[in-house]
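Colleague: For reference, the structure I am asking about is given below.
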Amino acid sequence: MTLGPQKLLRAGFMRVEAVFNRAFGDKLNPFYHLGALSFYLFWLIAGTGLYLYVFFDTSVDGAYRSVELLTHKQWYAGGVIRSVHRYASDAMVVTMFIHLARYWAFDRLRGFRAFSWITGVVLLWLVFAAGANGYMLPWDRLAQFVTQASFEWLDSLPGLGGTLVRNFMYDHSVSDRLFSLLVFVHIGLPLATLLFMWVHVQRVPKASTQPPLPIAISVAVMLVLLALVQPVLSQGGPAQLAVAPTGLSLDWFLLALYPLVYAWQTVAVWALVLGLSMLLTIAPWLPPRRRGDIAGHQLTMHPGAVAVAARSGETLLEAGLRAELALPYECRAGGCGVCVCTVLNGRVDHGNYQPAVLTDAMRAAGQTLMCCATALEDVELEVDVAALKGSDATATQRYRGIVERVERLAEDVLRLSIVLDAGERLDFVAGQYINILLDDGATRAYSFANPPHENAAIELHVRRVPDGRFTTYAFEKLRAGDTIEFSGPFGRFTLRDSARPILFVAGATGFAPIKSIVEDAFA
């Protein structure tokens, strides 16, 4: 269930993303890489911050002077890096807020996603705290304002009663230890942010933490150009605690709350912050869902008939990636069409996708986008890949078998019984087949004639083909105790649930897969 504002915001995102798709292509649409962009900006901030730290003097008299020397005497490096550090911090706030708004608009915050949503709320406040703390370090008039306002705001907490802000009333009240503490906090908060960023993506299957290279380069170039055109400078000279700073230019991305500290009662500011935090925290449960919407569903993905349990609200792609299946995907936002699949049985909610990517004709043909679609009931689907578990998975593994019995059913039909080494058993789905491997690497396909629950031995039906390489060998030379190498299982000719009647037609040894399917169905 979604709210009216969610639908409006979602429609806005869909239109804007469609424009960006036409302009940049789905692979380079920044709206599909907001989380990865936030990670990338964090590393830019960390890298530029380390450079600034090398030249920063952690003392009352040296803090402002060291920043000024870095900004003006070394403008081509230190000055640019200071500006990039500031603008990257603002950009990270922007990408995080758009990322949050987008997930809320698309209602991707419920169920198992609530964990990532709540850690994201924590990340927002960590970034704001780190940003405010960073503004204290240059010790200019803006740093004075941020420091005094911060401690005046904290002083309104019960038990403090003005004890903190007293330390910032006069210049002689501040010692070098303050800057050692501020630097310690400015290192600790980003480390805590990095930890929560790692926690944030733990329940996101195959989460991307780096944007495509063209986007990364474009962002870096944009930040450098902005630093050259509008360099960041200190404001009003060094801090003078006895004189109230005026005429400051605020960073509204990181310091938007600070004017409220003086415009409102500090209790009201706390109420606003705590209220917003609480509202964001409980957003995954607003409005409450009906009990029937909470249950998950079973997915059967082909090729290989791999069973996957989908959690409530989980997309087909998320469920498959969580099961470590090799599914094709790119944008994860319904804009590229790479993750298209065909629904064989069951109903899905197609979700929110770009109409140019999933057309009406495709939907009529039973196709959907795995990154957007969620199961409304147990679903069977087919993905256009060679194997869901990769080339080294069990689905395409090579085996060595021993012929247990050779039985002639007719003049031109043999029944082979093959067991694997060391009593191993082969899991398969009724209707699948194996490839017998010949000496030169050629293969011959034969369907399982036994049902999956009777897999102590593999039963194959071999019909003699005139001049056939394997069939001639099987009829004339193959004996019990001989070895056979094969790979598999393969195939999608499997029984699927349907309300319609099923008619099987088989000729000659084509009876083998039908036998396996029928015996399995009525087991």
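The values are calculated or read from the model by the stated rules, or taken from the named source; none is laboratory data. None of the values given here were measured: they were computed from a predicted structure. Please note: Cβ atoms are built from the backbone with ideal geometry, for glycine as well, and neighbour counts cover all protein chains shown.
Colleague: So which residues in the stretch 58-70 are surrounded by fewer than 17 Cβ atoms within 10 Å (Cβ to Cβ) and of a type in the set (A, V, I, L, M), if there are any at all?
Modeller: The one that is surrounded by fewer than 17 Cβ atoms within 10 Å (Cβ to Cβ) and of a type in the set (A, V, I, L, M): LEU69.
Colleague: While we're looking at this one, here's another question. For residues that are of a type in the set (D, E, K, R) and under 48 Å from the mean Cα position of the chain (by Cα), tally how many sit in the stretch 402-440.
Modeller: Number satisfying all stated conditions: 6.
Colleague: Against the definition (touching an Asp or Glu at 6+ places or on another chain (Cβ under 8 Å), surrounded by 12 or more Cβ atoms within 10 Å (Cβ to Cβ) and in a helix (DSSP H, G or I)), how does VAL224 come out, yes or no?
Modeller: Criteria not met by VAL224.
Colleague: What's the total number of residues in the stretch 10-68 that are under 30 Å from TRP139 (Cβ atoms), hydrophobic (A, V, I, L, M, F, W, C) and free of Cβ contacts under 8 Å to residues at least 60 places away in the same chain?
Modeller: Of the residues in that region, 5 qualify.
Colleague: Being under 36 Å from the mean Cα position of the chain (by Cα), at pLDDT below 95 and part of a helix (DSSP H, G or I) narrows it down to one residue among TYR51, TYR103; which is it?
Modeller: TYR103
This table checks each residue for (1) surrounded by 15 or more Cβ atoms within 10 Å (Cβ to Cβ); (2) within 38 Å of the chain's Cα centre (by Cα); (3) of a type outside the set (Phe, Trp, Tyr).
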position: PRO205; (1), (2), (3): yes, yes, yes
position: THR209; (1), (2), (3): yes, yes, yes
position: GLY237; (1), (2), (3): no, no, yes
position: LEU241; (1), (2), (3): yes, no, yes
position: LEU248; (1), (2), (3): yes, no, yes
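Colleague: Any chance you could count how many residues in the stretch 17-33 are out of contact with any Pro (no Cβ under 9 Å at 6 or more places or on another chain), of a type in the set (A, V, I, L, M) and surrounded by 14 or more Cβ atoms within 10 Å (Cβ to Cβ)?
Modeller: 0
Colleague: Based on what the data block shows, is LEU495 closer than 30 Å to ASP384 by Cβ and either within 51 Å of the chain's Cα centre (by Cα) or modelled with pLDDT of 85 or more (or both)?
Modeller: Here the answer is yes, as LEU495 does meet what is asked.
Colleague: For ARG113, are the conditions met, namely being at pLDDT below 95, basic (Lys, Arg) and surrounded by fewer than 19 Cβ atoms within 10 Å (Cβ to Cβ)?
Modeller: For ARG113, the condition - at pLDDT below 95, basic (Lys, Arg) and surrounded by fewer than 19 Cβ atoms within 10 Å (Cβ to Cβ) - is not met.
Colleague: Can you tell me which residue within the stretch 167-181, out of those that are surrounded by fewer than 19 Cβ atoms within 10 Å (Cβ to Cβ) and within 40 Å of the chain's Cα centre (by Cα), is farthest from VAL60 (Cα to Cα)?
Modeller: Among residues in the stretch 167-181 that are surrounded by fewer than 19 Cβ atoms within 10 Å (Cβ to Cβ) and within 40 Å of the chain's Cα centre (by Cα), the one farthest from VAL60 (Cα to Cα) is LEU181.
Colleague: Okay, next question. Under 6 Å between Cβ atoms, at least 6 apart or on separate chains: pull out the pairs that start in the stretch 461-480 with a residue that is of a type in the set (D, E, K, R) and end on any residue that is part of a helix (DSSP H, G or I).
Modeller: ARG463/ALA508; ARG463/THR509; ARG464/THR471; ARG464/PHE475
Colleague: Please give the strands (runs of 3 or more DSSP E) falling wholly within the stretch 421-514 in which 1 or more residues are on the phi > 0 side of the Ramachandran plot and out of contact with any Phe, Trp or Tyr (no Cβ under 8 Å at 6 or more places or on another chain).
Modeller: Fully inside the stretch 421-514 and qualifying: nothing.
To keep it simple, each residue is scored yes or no on (1) assigned by TED's automatic domain parsing to the domain that holds SER83; (2) charged (D, E, K, R); (3) under 20 Å from LEU34 (Cα atoms); (4) part of a helix (DSSP H, G or I).
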position: LEU181; (1), (2), (3), (4): yes, no, no, yes
position: PHE196; (1), (2), (3), (4): yes, no, yes, yes
position: GLN202; (1), (2), (3), (4): yes, no, yes, no
position: ILE217; (1), (2), (3), (4): yes, no, yes, yes
position: ALA242; (1), (2), (3), (4): yes, no, no, no
position: LEU254; (1), (2), (3), (4): yes, no, yes, no
position: VAL267; (1), (2), (3), (4): yes, no, no, yes
position: VAL273; (1), (2), (3), (4): yes, no, no, yes
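Colleague: Another question, if that's okay. Quick one: which of LEU299, LEU286 is crowded, with 17+ Cβ neighbours inside 10 Å and either within 30 Å of VAL93 (Cβ to Cβ) or aliphatic (A, V, I, L, M) (or both)?
Modeller: After applying the criteria, what remains is LEU299.
Colleague: Additional query: Can you list residue pairs whose Cβ atoms sit under 7 Å apart, with the first residue in the stretch 504-523 being surrounded by 11 or more Cβ atoms within 10 Å (Cβ to Cβ) and the second being in a helix (DSSP H, G or I)? Count only pairs 6 or more apart in sequence or on different chains.
Modeller: The qualifying pairs are PHE504/ILE514; ALA506/ILE514.
Colleague: In the stretch 71-97, which residues are surrounded by fewer than 18 Cβ atoms within 10 Å (Cβ to Cβ) and in a helix (DSSP H, G or I)?
Modeller: Across the stretch 71-97, the qualifying residues are HIS72, LYS73, TRP75, TYR76, ALA77, ASP90, VAL94, PHE97.
Colleague: For the stretch 364-377, which residues satisfy the criterion of being of a type outside the set (Gly, Ala, Ser) and either surrounded by 15 or more Cβ atoms within 10 Å (Cβ to Cβ) or in contact with a Phe, Trp or Tyr (Cβ under 7 Å, 6 or more places away or on another chain) (or both)?
Modeller: GLN367, THR368, LEU369, MET370, CYS371, CYS372, THR374
Conditions (1) outside any loop (DSSP other than H, G, I, E, B); (2) aromatic (Phe, Trp, Tyr); (3) farther than 30 Å from SER116 by Cα; (4) touching a Ser or Thr at 6+ places or on another chain (Cβ under 7 Å), marked per residue:
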| site | (1), (2), (3), (4) |
| --- | --- |
| ALA143 | yes, no, yes, no |
| PHE151 | yes, yes, yes, no |
| LEU157 | no, no, no, no |
| GLY161 | no, no, yes, no |
| GLY188 | yes, no, no, no |
| ALA192 | yes, no, no, no |
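Colleague: Among the numbered criteria (1) under 30 Å from VAL343 (Cβ atoms); (2) surrounded by fewer than 14 Cβ atoms within 10 Å (Cβ to Cβ), which single criterion is violated by GLY491?
Modeller: (2)
Colleague: Let me ask another. Taking the condition under 30 Å from GLN144 (Cα atoms) and modelled with pLDDT under 95, does SER59 pass?
Modeller: Yes; evaluated as a whole, the condition is true for this residue.
Colleague: Write out, first by first residue and then by second, each pair whose Cβ atoms fall under 9 Å of each other, whose residues are 6+ apart or on separate chains, and whose first residue, in the stretch 238-251, is within 12 Å of THR147 (Cβ to Cβ) while the second is loosely packed, with under 15 Cβ neighbours inside 10 Å and modelled with pLDDT of 90 or more.
Modeller: none
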